[in-house]
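The values are calculated or read from the model by the stated rules, or taken from the named source; none is laboratory data. Model, not experiment: these values are computed from the prediction. In this analysis, Cβ positions are derived from the backbone assuming ideal geometry, glycine residues included, and neighbour counts consider all displayed protein chains.
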Amino acid sequence: MPFALEDGKAAVRLARAVLDAHVRGASSVKIPALSPVFAERRGVFVTLNTLESGSRSLRGCIGYSTPIKPLGEAIRDVAVYASEDPRFPHPVGPGELDSIVIEVSVLTLPREVKSQLRADLPAKVRLGVDGVIVSTAETSGLFLPQVATEQGWDQETYLSEACMKAGLTPDAWLDGGTRVEVFQAEVFGEELPRGEIARVEPGK
């Protein structure tokens, strides 16, 4: 069932409230009203982008790929984690908050992609629709659905980049010991910092 727009807006407002409070060192967070859906266990990612001169650049993106916590609790966790994304040299500072736009991606359960011929796997991934998880027993790499279209990747490049993100060789998806899964996401985000919130179509 589609995630309602009003719930999507509430998810982004929650992530914004948590981010602002955490970065500013506030002792409490003013939580917006949440519907019962936020008590359901869902996978979710929070993405922070810096908006400058109309251009967006990644500032942090972390989440839970599987539904291990109630959605409201999961958003609170990953909003904090995204502000401290270890890929960046320092956590988000108070002076950055008014230039950051927030996206929240609510995920479906991952589903393994299988094919008699491993070389046919890329054709089973829908660009702009499917996120991918490439994993082995030791490591994993994940991309949200919007990443492939933002980067202009084809399906094979998409899988190869996910493998490299996992620390594997680019062609590791051809190995039968490598698990390839897809999932979908409903994405909601601020159009401007603290601005209007809309549903985001990953393929657009």
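Residues are listed down the side, and each one gets a yes or a no for (1) at positive phi; (2) in contact with a helix residue (DSSP H, G or I) (Cβ under 8 Å, 6 or more places away or on another chain); (3) not assigned by TED's automatic domain parsing to the domain that holds E96; (4) not basic (K, R):
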{"site": "P122", "(1), (2), (3), (4)": "no, yes, yes, yes"}
{"site": "S135", "(1), (2), (3), (4)": "no, no, yes, yes"}
{"site": "S140", "(1), (2), (3), (4)": "no, no, yes, yes"}
{"site": "L159", "(1), (2), (3), (4)": "no, yes, yes, yes"}
{"site": "P193", "(1), (2), (3), (4)": "no, yes, no, yes"}
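Might you check whether a residue that is assigned to a loop (DSSP other than H, G, I, E, B), free of Cβ contacts under 8 Å to residues at least 24 places away in the same chain and more than 27 Å from A74 (Cα to Cα) occurs anywhere in region 138-155?
Within region 138-155, one or more residues are assigned to a loop (DSSP other than H, G, I, E, B), free of Cβ contacts under 8 Å to residues at least 24 places away in the same chain and more than 27 Å from A74 (Cα to Cα).
Give the residues of region 34-50 that are touching a residue at least 40 places away in the same chain (Cβ under 8 Å) and either touching a Gly at 6+ places or on another chain (Cβ under 8 Å) or exposed (fewer than 13 other Cβ atoms within 10 Å of the Cβ) (or both), sorted by residue number.
G43, V44, F45, V46, T47, L48
Looking at (1) more than 30 Å from E52 (Cα to Cα); (2) aliphatic (A, V, I, L, M); (3) assigned to a loop (DSSP other than H, G, I, E, B), which is the one condition that is false for V182?
(3)
How many residues does region 59-69 hold that are at pLDDT 95 or above and loosely packed, with under 15 Cβ neighbours inside 10 Å?
0
Among what's in region 1-33 and is without any contact (Cβ under 8 Å) to a residue 60 or more places away in the chain and closer than 17 Å to S105 by Cα, pick the residue that is surrounded by the most Cβ atoms within 10 Å (Cβ to Cβ).
Among those that are without any contact (Cβ under 8 Å) to a residue 60 or more places away in the chain and closer than 17 Å to S105 by Cα, it is A10.
Just wondering, is there one or more residues in region 118-136 that are hydroxyl-bearing (S, T, Y), within 18 Å of D20 (Cβ to Cβ) and touching a strand residue (DSSP E or B) at 6+ places or on another chain (Cβ under 6 Å)?
No, the conditions are met nowhere in region 118-136.
In this structure, does V129 turn out to be of a type in the set (V, I, T), outside the structural domain of G25 (by TED's automatic domain parsing) and closer than 24 Å to E6 by Cβ?
yes
Taking the stated definitions as given, is P110 modelled with pLDDT of 95 or more and in contact with an Asp or Glu (Cβ under 7 Å, 6 or more places away or on another chain)?
no
How many residues are surrounded by fewer than 18 Cβ atoms within 10 Å (Cβ to Cβ) and either assigned to a loop (DSSP other than H, G, I, E, B) or in contact with a Lys or Arg (Cβ under 7 Å, 6 or more places away or on another chain) (or both) when one looks only at region 185-204?
Qualifying residue count, region 185-204: 9.
Among the candidates E96, E84, E73, E52, single out the residue that is within 16 Å of A11 (Cα to Cα) and either in contact with a strand residue (DSSP E or B) (Cβ under 7 Å, 6 or more places away or on another chain) or of a type outside the set (A, V, I, L, M) (or both).
Exactly one of E96, E84, E73, E52 is within 16 Å of A11 (Cα to Cα) and either in contact with a strand residue (DSSP E or B) (Cβ under 7 Å, 6 or more places away or on another chain) or of a type outside the set (A, V, I, L, M) (or both), namely E73.
If you go through region 95-137 one residue at a time, how many are touching a residue at least 24 places away in the same chain (Cβ under 8 Å) and within 21 Å of A82 (Cβ to Cβ)?
Of the residues in that region, 17 qualify.
Looking only at region 141-172, count every residue that is among the polar types (S, T, N, Q) and at pLDDT below 95 and tell me the total.
3
Could you say whether any residue in region 183-194 is modelled with pLDDT under 95 and polar (S, T, N, Q)?
Yes.
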